[in-house]
Structure formats: structure tokens, C-alpha cells
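The values are calculated or read from the model by the stated rules, or taken from the named source; none is laboratory data. What you are looking at is a predicted structure, and each value in this text was computed from that prediction instead of being measured. Glycine gets a Cβ as well: all are built from the backbone with ideal geometry, and neighbour counts include every protein chain shown. Keep in mind that these areas ignore ligands, DNA and RNA; they rest on the heavy atoms of the full protein, side chains included. Shrake-Rupley method; radii C 1.70, N 1.55, O 1.52, S 1.80 Å.
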Amino acid sequence: MIIVLKPGTKKEEYNHIIKCVKEYGFKPHPIIGEERTVIACVGDDRGKAQLQQLDSLEYVESVMPILKPFKLASKETKPRSVVKVGGVEIGNSQFVVMAGPCSVETREQILLSAEQVKKAGAHILRGGAFKPRTSPYSFQGLEEEGLKLLAEAREKTGMPFVTEVISPGDVKLIEEYSDMFQIGARNMQNFALLKEVGKSAKPVLLKRGMSCTYKELLMSAEYIMSQGNYNVVLCERGIRTFEDYTRNTFDLAAVPALKELSHLPVVVDPSHGTGVRSLIPPMAKAAIPAGADGLIIEVHPNPEKAFSDGAQSLTPEQFTKLMNDLQRYAPLENKHL
Ligand code: PEP
Ligand code: MN
């Protein structure tokens, strides 16, 4: 249920509502907007009738049911949200570009990557320190050493960084270093992990599972938000289909669809979405008219030598060219880089 308060509601009145909501067995999630305060109440439906009665208070404008199962992520509760990562806002007029290598490999590699993507105009650095690899014999990441190197790259460039967390036990450690958690496709429905990052205040980049529906993605966002962390950014990264020319089938329709269903910002990952270097720039550009708030893209100083995902990593030169093209495309959708 959503309780909409009238503009100018007093603090005592607000506190009274919160107290009632808790008494009726619901968890209140206040959403303080510019004009109005809305309280999303989530819980079991038995106290619904009592909640409905709050309608009669003079400072309550309305009490309405939230129809979608993803209550807090639903557009019914809020028109739009902006998620802050360091000093960068995702979901506003800036088209945010997160770029860097698939994995953090060496000090030289990550520092050089950070410098190169920064120079080309990227806003957030990406790099995996804990890697979810298909084979246990593949490079698994530098772990804490990788986090330290990412922090050093942030220090040098001023760019915040996003890095993947693959286990609930690592959340605290990664939280100490990083500016944003990444939940990868393979972990989109790792509910223990979702709950754990939900207890943090750090933003979360939630990637769509390779065989998951939009609704399932939003239910996973709901897991995080239900714990109190509303700073979720959704990411389309391609799904499994019968097509085998590309690594995945990049589902660009996910962007406007998720925007219709949810207030959360949506970004795309054309690197994993296609897995083919030549297809990444056109898909990255197409994300702008599709309505995306940004993108995450793999760039490596020397893709041939990459420890992971070399075939889908852009060279710094290709990335620089793409950034120049995006600069020209963004104003068509009232965005800027
Ligand atoms: C990654 O970003 O390197 C990654 C592993 O992505 P995904 O979870 O989308 O496969
Ligand atoms: Mn990768």
C-alpha cells in the first residue's frame, strides 16, 4: 500500500503515520519527494484494512494499493530516482559511462586503464577483483589486492569505481573499498547476496540474469530495496537465446520496458551483451535513443593480452572514438556526457 501525505504535513503527523504503519504489521519505506512525501508500506496483507482507514486523517491525501509485486521498485511509488555513485549521478541528465577492464590484472594494467578511460571521458571506473568464471581453472581475480589497486586508481584519477561481489561473506570487505557493488548475471537470484548488499548504503549495479525476465530482475531489485538500500541501478547485459553468432542476445527493449515498470535508473552492457568487439559501438550508441541512463563497457590497454573477456574489450582508441560519437548523440535525447 502507498500512503500519500498532503504537502505541508507536520513532523508529528508524519511520525504518527509511521507508528501506525508499524503497529499494523507493515514496514514503512518513506519516499521524500520534492513536493510530497509518500510512504510505501510493505508487509503481509492482513493489516490492509487498518491501513486503508488512515485515509480519514486530514493530512493524508490517499491510501492506495501497489498493484505490482515489486512494490518498492515499481513506478507506482515514484516517478524517477537518481542514484549517486561518488560524485556521479545516474538517472539524471548525464549519460553515465562506466569503463575499464573486465578484471583487475596488475597494478600497471589497472592504473593505465583508469588513466586511458578517464582521458576519453568516462565517469566511473569498472574492474573485477572477484571474478565469477565458468571454469574453476580460469583466473579468479586478485581479490583484496585488486580492491586496493582500484582504490589507488580512484586516488589517481578521481573516478569512483564499481566492482563485483560474488559472495555474501565478501560484502563488508568490498564495501570498505568500493563506491558501487556489482551483482553479476550469475548472481542475480542469489537472494542471500541480494539481502546482504541491501543492508549496505552503497549503490548496487544489478545485472540481469542471462535467462531472467524483466519481472524477475525487478523482484531481485526488490530484495535489495526491502532491506533499506534504495540505490539500485538496473543493467541489461544480454540473454541466452538460440543465436550463437553473438555471445548473448542484447535485449535493448529491456530499457524502455524497465523504464515503464520501474523508477530505477537503467544502464546497458553491450560488451557482455554482444561479446563481439565490432558490435559494441553501434549497440552503445543505440542505448541513448532507447532511453538508457548510461552504459558499462569493457576497455583494455591491450585486449589480446587480457586475462578475461579480451575479445569483447575495446582498445583505448576505439573507446575514445565511441565517446566522441556518444557526445554527439546524447543531445538528441536531452542528455550530455
Ligand atoms: C563482468 O562485468 O565482467 C561480468 C562478469 O558480467 P556479467 O555478470 O554480466 O556476465
Ligand atoms: Mn567481463
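Here are the numbers for the structure shown:
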{"read-out": "Options P30, P79: the member that is of a type outside the set (S, T, Y), within 29 Å of the chain's Cα centre (by Cα) and either open to solvent by less than 80 Å² (accessible area, probe 1.4 Å) or more than 18 Å from A221 (Cβ to Cβ) (or both)", "value": "P30"}
{"read-out": "Residue within segment 118-133 that is in contact (Cβ under 8 Å) with a residue 24 or more places away in the chain, open to solvent by 50 Å² or more (accessible area, probe 1.4 Å) and assigned to a helix (DSSP H, G or I) present", "value": "yes"}
{"read-out": "Per-region count, segment 306-335, residues more than 15 Å from ligand 2 (Cβ to nearest atom) and out of contact with any strand residue (DSSP E or B) (no Cβ under 6 Å at 6 or more places or on another chain)", "value": "19"}
{"read-out": "Subset of segment 134-143 [open to solvent by 70 Å² or more (accessible area, probe 1.4 Å) and over 14 Å from E164 (Cβ atoms)]", "value": "T134, P136, Y137"}
{"read-out": "Tabulated pairs, segment 184-209, first open to solvent by 60 Å² or more (accessible area, probe 1.4 Å), second part of a strand (DSSP E or B) and within 16 Å of ligand 1 (Cβ to nearest atom), C-beta under 7 angstrom, 6+ apart or interchain", "value": "none"}
{"read-out": "Enumerated helices (runs of 4 or more DSSP H) restricted to segment 219-319, each holding at least 1 residues that are hydroxyl-bearing (S, T, Y) and surrounded by fewer than 24 Cβ atoms within 10 Å (Cβ to Cβ)", "value": "270-274"}
{"read-out": "Yes/no for P30 being free of Cβ contacts under 8 Å to residues at least 40 places away in the same chain and either within 26 Å of V232 (Cβ to Cβ) or touching a strand residue (DSSP E or B) at 6+ places or on another chain (Cβ under 7 Å) (or both)", "value": "yes"}
{"read-out": "Residues (touching a strand residue (DSSP E or B) at 6+ places or on another chain (Cβ under 7 Å) and either within 16 Å of ligand 2 (Cβ to nearest atom) or closer than 16 Å to A185 by Cα (or both)) located in segment 274-291", "value": "R277, I280, A284"}
{"read-out": "Given (1) free of Cβ contacts under 8 Å to residues at least 40 places away in the same chain; (2) not in a loop (DSSP other than H, G, I, E, B), number of the condition L112 does not satisfy", "value": "(1)"}
{"read-out": "Breaking point among (1) within 16 Å of ligand 1 (Cβ to nearest atom); (2) part of a helix (DSSP H, G or I); (3) not charged (D, E, K, R), for Q189", "value": "(2)"}
{"read-out": "Yes/no for R328 being closer than 21 Å to M188 by Cβ and either basic (K, R) or outside the structural domain of I110 (by TED's automatic domain parsing) (or both)", "value": "no"}
{"read-out": "Criterion (of a type in the set (D, E, K, R) and either over 21 Å from S308 (Cβ atoms) or within 13 Å of ligand 2 (Cβ to nearest atom) (or both)) met by exactly one of R126, R107", "value": "R126"}
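Results for (1) more than 15 Å from ligand 1 (Cβ to nearest atom); (2) farther than 21 Å from L125 by Cβ; (3) not β-branched (V, I, T), shown as yes or no for each residue.
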| residue | (1), (2), (3) |
| --- | --- |
| G275 | no, yes, yes |
| P282 | yes, yes, yes |
| K285 | yes, yes, yes |
| G294 | no, no, yes |
| H300 | no, no, yes |
| E304 | yes, yes, yes |
| T315 | yes, no, no |
